[in-house]
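As C-alpha cells, the structure follows; a few thoughts come after it.
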Amino acid sequence: MKAFRLDELEAERVANDGAYLQFLRERNMSVGLYALDAGQLDPQQPHKEDEVYFVVSGRGSITVGAETTQVGRGSVVYVPAGVPHRFHHITEDLRVMVVFSPPEG
C-alpha cells in the first residue's frame with residue numbers, strides 16, 4: 001500500500017517550486033497534484049494520455065474541447081487524450097489531483 005497526505009504533498013510541491021508534483025507512478029497510471037493560483041493562466045498543452053481531474057479545493061472554470069464548465073471542491077472532470085483543455089477564470093486557488101492513464105510521459 002502507498003498512502004499520501006494532501007498537506008505533505010502540497011508542502012513538497014511548494015518546496016520544489018513547481019505547479020505540478022507527480023507523487024505516484026505505476027505501470028498503468030500516474031497521479032499528481034496540480035496547483036494554479038487565483039488569476040493565474042494555465043499553460044497546459046494536450047496530453048497523450050487520458051486524464052481525470054479531481055478538484056480538491058478552489059474555484060474556476062475548465063474548457064475541454066468546445067465545452068466549458070465551472071469547477072470547485074469535489075468536481076471531477078474527464079479529459080480524453082489529445083483534447084485541448086485549460087483551467088481559466090480561477091477565482092480561488094485551485095488544487096487538483098490529476099490521474100493519467102497510461103502514466104504521463
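The values are calculated or read from the model by the stated rules, or taken from the named source; none is laboratory data. All figures in this text were calculated on a predicted structure; none of them were measured in a lab. In this analysis, Cβ positions are derived from the backbone assuming ideal geometry, glycine residues included, and neighbour counts consider all displayed protein chains. When the accessible area is computed, the model is the full protein with side chains, heavy atoms only, and any ligands, DNA or RNA have been set aside. Shrake-Rupley method; radii C 1.70, N 1.55, O 1.52, S 1.80 Å.
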#### Entry: Per residue accessible area in Å² of the chain, where ligands, DNA and RNA are left out and the probe is 1.4 Å
60 Å²
### Summary
For the chain, the percent of accessible surface on carbon and sulfur atoms (probe 1.4 angstrom, ligands and nucleic acids excluded) is 54 percent
### Summary
Ordered by number, the GluC sites (Glu not before Pro) in the stretch 1-62 that occupy a DSSP loop and have at most 12 other Cβ atoms within 10 Å are E26
#### Entry: Cα Rg, Dmax (largest Cα-Cα span) when computed across the chain, Å
13.1, 39
### Task
Please return the longest stretch of the chain lacking exposed loop sites, where trypsin sites (Lys or Arg not before Pro) count only if DSSP places them in a loop and at most 16 other Cβ atoms lie within 10 Å.
74-105
### Query
Exactly which chymotrypsin sites (Phe, Trp or Tyr not before Pro) in the stretch 1-94 are in a DSSP loop and have at most 16 other Cβ atoms within 10 Å?
F4
